[in-house]
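Reviewing the structure listed below.
The values are calculated or read from the model by the stated rules, or taken from the named source; none is laboratory data. The structure presented is a predicted model; accordingly, all values stated were derived computationally and were not measured. Cβ: placed from backbone, ideal geometry, glycine included. Neighbour counts: every protein chain shown. Just the protein is used for accessible areas: all its heavy atoms, side chains included, with ligands, DNA and RNA removed. Shrake-Rupley method; radii C 1.70, N 1.55, O 1.52, S 1.80 Å.
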Amino acid sequence: MNNSVDNYIASAKLWKEELLAIREILLETELIEEFKWRAPCYTHNNKNIVIIAPFKEYFALAFFNGAAISDSAKLLVKAGANTQSGRQLRFKDSKEILHQKAIIKKYIKEAISIQTTNIVETTRPAAPLVEVQELNTIFKSDVAFKKAFQALTPGRQRGYLIYFSGAK
């Protein structure tokens, strides 16, 4: 148990009962409880497996490489249109969490196995990068900026391009 997670739960305004219920399940697994990105995060061999994500409308257990999980119960949700590998189990109350305890543990065990064997979900090719004409114009006049952008990881480039192309 991590003191930062204790403090996080104690100060939670929403989902306190759900936080306690999911934490109890997570602590029964071989995962290590940490506190990252201002939220409880659970790791295995220093690799992120799952993070707790409370929202207004629902409470989520977010798997970092959830797309590789078989999802036999068809409960995993893609967080957004541009999400690649992350998937969430969403809950509205603690009864749902307790009712799905066996499935949660099964998914966690599979997520640990996936991370241990370095399986990455590859059933779909990555979406092509969106071309932003204004950015290409800037690249022509500022070579250093273009070089810095190209030095970013593909995921970071993709994120910026999605952001830029979405501007009105």
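Look through Lys13, Lys74, Lys78, Lys56 and report the one residue that is of a type in the set (Lys, Arg) and on the phi > 0 side of the Ramachandran plot.
On the way: Lys13 fails: on the phi > 0 side of the Ramachandran plot; Lys78 fails: on the phi > 0 side of the Ramachandran plot; Lys56 fails: on the phi > 0 side of the Ramachandran plot.
Sole residue among the options that is of a type in the set (Lys, Arg) and on the phi > 0 side of the Ramachandran plot: Lys74.
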Name the pairs whose Cβ atoms lie under 7 Å apart, with the first residue in region 92-117 and closer than 18 Å to Tyr58 by Cα, the second assigned to a helix (DSSP H, G or I) and of a type in the set (Gly, Ala, Ser), and 6 or more positions between them or separate chains?
Ser94/Ala21; Ile97/Ala21; Leu98/Ala21
List, please: which pairs have Cβ atoms under 8 Å, are six or more places apart or on different chains, and start with a residue in region 65-85 that is more than 19 Å from Ile103 (Cα to Cα) and end with one that is modelled with pLDDT under 80 and open to solvent by 70 Å² or more (accessible area, probe 1.4 Å)?
Gln84/Ala126; Ser85/Val120
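Look through Ala21, Ala39, Ala12 and report the one residue that is closer than 15 Å to Phe63 by Cβ and small (Gly, Ala, Ser).
Values: Ala21 fails: closer than 15 Å to Phe63 by Cβ; Ala12 fails: closer than 15 Å to Phe63 by Cβ.
Testing whether each residue is closer than 15 Å to Phe63 by Cβ and small (Gly, Ala, Ser) leaves just Ala39.
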Given the conditions (1) within 30 Å of Ile162 (Cα to Cα); (2) in a loop (DSSP other than H, G, I, E, B); (3) out of contact with any helix residue (DSSP H, G or I) (no Cβ under 6 Å at 6 or more places or on another chain), report the number of the one that Lys13 does not fulfil.
(1)
Looking at (1) surrounded by fewer than 13 Cβ atoms within 10 Å (Cβ to Cβ); (2) touching a residue at least 60 places away in the same chain (Cβ under 8 Å); (3) under 18 Å from the mean Cα position of the chain (by Cα), which is the one condition that is false for Arg38?
(2)
Can you give me the number of residues within region 2-31 that are among the hydrophobic types (A, V, I, L, M, F, W, C), surrounded by 14 or more Cβ atoms within 10 Å (Cβ to Cβ) and over 22 Å from Ile103 (Cβ atoms)?
3
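Which of the following residues is modelled with pLDDT of 85 or more and out of contact with any Asp or Glu (no Cβ under 6 Å at 6 or more places or on another chain): Ile108, Ile162? Quick ask: steps written out before the conclusion?
Working: Ile162 fails: modelled with pLDDT of 85 or more.
Unique residue meeting the criteria: Ile108.
Rundown of residues vs (1) farther than 19 Å from Lys92 by Cβ; (2) among the aliphatic types (A, V, I, L, M), yes/no style:
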| site | (1), (2) |
| --- | --- |
| Met1 | yes, yes |
| Glu30 | yes, no |
| Glu34 | yes, no |
| Thr43 | yes, no |
| Lys47 | yes, no |
| Glu57 | no, no |
Go through (1) within 30 Å of Leu161 (Cβ to Cβ); (2) modelled with pLDDT under 90; (3) touching a helix residue (DSSP H, G or I) at 6+ places or on another chain (Cβ under 9 Å) one by one and return the number of the condition Glu96 breaks.
(1)
